[in-house]
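> Quick one: this structure, given as structure tokens, is what I'll be asking you about.
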Amino acid sequence: MAKQEEKHVLPLTGIRVLDFGRYIAGPYCAALLADYGADVIRIEAPGGNDDRFTVPVAADGSGAMFLQMNRAKRSLTLKPGSPEGRGIVRRLVETADVVVANLPHDVLVKLGLDHDSLSAINPRIILATASAFGREGPLSRNVGFDAIGQAMSGTVHLTGTPGQPYRAQVNYVDFGTALHLAFGVLLALREREATGKGQCVSGSLLGTALAMSNGLTIDEALNGIERQPIGNRSFGSAPTDLFRTRDGWIVTQIVGGPIFARWAALVGRPELPADPRFASDILRGDNGEDLSVIMQGWCIARTSAEALADLGAARVPAAPVLKPGEALAQPQVAAMGLVEPVAYPGTPAPAPVIRAPVDLSASAKIPPRRAPQVGEHSDAILAELGYDTDAISALRAQRII
């Protein structure tokens, strides 16, 4: 029973976050904090920000990404640049612990959301901000999205085939930046316990993208090899590739000598581990095309289910290539409890939201809560700040909220 009670501890209870974020890097950082108990107030323009309406899935136009990025938040509509809006922001900052704003630095200064302005109001405030290129350097004033980081980190060049590079469809640079920001916020909260003072946590899309591709850049810097795109194969292992079966596609990722030996025995080529061309992961990567040909011949004679069953029995890493509609229907996903359906007004069904995919043995996430509608909590939040009904009505009449 004691363990069950411990499970309801929320690590970030009492932490208030003001989320001025847009799209993914800022909002997902704030959503992760909300999952574990922070009171996150999403601040957007009257009528809603552009990022609310990307890939609409609800009657009010709210989009698929919005429902994931803004779960468990409260919504306050506000024009923060107006005199009245600045007054509201000041009161909010006085009550807050963290401000999240993935906006260019000059915009932060213009809105009074830079760390100097915020700390003058509340010395304990922590600002978490992300930009495309950071604050210094020739590109610091440029704006950018996820694909910019992908392209400038070397990974787009190495994805696809010679003559046709590809970017990743999933915005991993944005998500990675959000994760780094959330990590930084937790460090800053820890530091504040000792100093009593907040600080600025800053990240960038380019920095995240380069961190994630750093193995590739170290390889070229130290080995002097200018690698070229090789489709779905890997530079450092093989057969790591996508393979067509009789009824679909599968992927294998074969890393390390023992797994390679088990794979070779499975496909009827037990002599391959003794071949000097395949004596190490890097050599297998260098000669991966030959190994992919062998594996493709083995796969095409089988259905995906048959191939995966045999590979699984041999303890060789493999998986089916699934469509998005198939991904959440897997029994393994259900067993892990990853999908938490959340109803949002005007959607044809509850949204299958996946929150922070990490579990703490003694701390729980909050129960699943949907993303807010535009300005849904404006009156309640302003009342908490001391605005009475008449003042709130006046702000609404002036389109400040």
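Every read-out reported here was derived from the displayed coordinates using simple, explicitly stated rules and does not represent laboratory data. All figures in this text were calculated on a predicted structure; none of them were measured in a lab. We place every Cβ from the backbone using ideal geometry, glycine too, and count neighbours over all the protein chains shown.
> Using helices alone, I'd like the mean residue ellipticity at 222 nm for the chain: each DSSP H run of four-plus residues gives -39500 (n - 2.57), total over residue count, nearest 500.
Rounded to the nearest 500, the figure is -11500 deg cm²/dmol.
> Something else now. Pairs of alpha-carbon atoms within less than 8 angstrom and 6+ residues apart define the contacts here; what relative contact order does the chain have, in percent?
21
> Next question. Rounding to the nearest 20 debye, state how big the charge dipole of the stretch 179-335 is about its Cα centre with +1 on each Lys and Arg Cβ and -1 on each Asp and Glu Cβ.
380
> So what is the relative contact order of the stretch 299-383, in percent, for Cα pairs below 8 Å that sit 6 or more residues apart?
Computed value for the stretch 299-383: 16 percent relative contact order.
> Rank Gly207, Pro276, Ala301 by how far each Cα sits towards the positive end of the charge dipole of the chain (+1 on Lys, Arg Cβ; -1 on Asp, Glu Cβ) and give me just the farthest.
Projecting each Cα onto the dipole axis, the largest value belongs to Gly207.
> Then there is this: Ranked highest first by average number of other Cβ atoms within 10 Å, how do 258-264, 22-28, 330-336 line up?
The most tightly packed comes first, giving 22-28, 258-264, 330-336.
> So what is the relative contact order of the stretch 241-321, in percent, for Cα pairs below 8 Å that sit 6 or more residues apart?
With pairs under 8 Å counted, the relative contact order is 47 percent.
> Also, quick follow-up: Any idea what the dipole of the chain comes to, in debye rounded to 20, about its Cα centre with Lys/Arg Cβ at +1 and Asp/Glu Cβ at -1?
Using only the charged Cβ atoms, the result is roughly 360 debye.
> Let me ask something else about it. If I build a Gaussian network model for the chain, linking alpha-carbon pairs within less than 10 angstrom, which residue out of Asp60, Asp290, Asp97 has the largest mean-square fluctuation?
Residue with maximal mean-square fluctuation among Asp60, Asp290, Asp97: Asp290.
> Could you give the distance between the Cα centres of the stretch 142-218 and the stretch 9-26, to the whole Å?
19
> Taking amide H positions as placed 1.01 Å from N in the peptide plane, with prolines and chain starts having none, which residues 5 or more places from Arg74, or on another chain, fall under 5 Å of its amide H?
Val40, Ile41, Arg42
> Which value in Å is the Kirkwood Rh of the stretch 241-321 over different Cα pairs?
The answer is 12.5 Å.
> Counting other beta carbons within 10 Å of each Cβ, put Trp249, Trp298 in order, fewest first.
Ascending Cβ contact count within 10 Å gives the list Trp249, Trp298.
> Check the chain and count each lysine pair with an alpha-carbon distance under 20 angstrom, considering only pairs eight or more places apart or from different chains.
The number of close lysine pairs in the chain is 4.
> Give, as a single signed number, the net charge of other residues whose beta carbon lies under 14 Å from the beta carbon of Ile230, with Lys and Arg counted +1 and Asp and Glu -1.
Counting the neighbours of Ile230, the net charge comes to -3.
> Taking the dipole about the Cα centre of the chain, with the C-beta of Lys and Arg at +1 and of Asp and Glu at -1, give me whichever of Tyr28, Ala391, Ile125 is farthest to the positive side.
Ala391
> Once the other residues with Cβ under 9 Å from the Cβ of Ile400 are scored (Lys, Arg +1; Asp, Glu -1), what is the net sum?
Net of charged neighbours comes to +2.
> What does the highest-first list of 63-75, 219-231, 372-384 look like by mean Cβ count within 10 Å?
Taking the mean over residues of other Cβ atoms within 10 Å, the ranking is 63-75, 372-384, 219-231.
> Only four residue types carry charge here, +1 at the Cβ of Lys and Arg and -1 at the Cβ of Asp and Glu. Report the dipole size of the stretch 241-321 about the Cα centre in Debye, rounded to the nearest 20.
Approximately 200 debye in magnitude.
> Further question: Once amide H atoms are built 1.01 Å from N in the peptide plane, which residues 5 or more positions from Ala319, or in another chain, come under 5 Å H to H?
The list, which skips near neighbours in sequence, is Val251.
> Using modelled amide H (1.01 Å from N, peptide plane; none on Pro or chain starts), what sits under 5 Å from the amide H of Ala130, excluding residues fewer than 5 places away?
Ala101, Asn102, Leu103, Gly203
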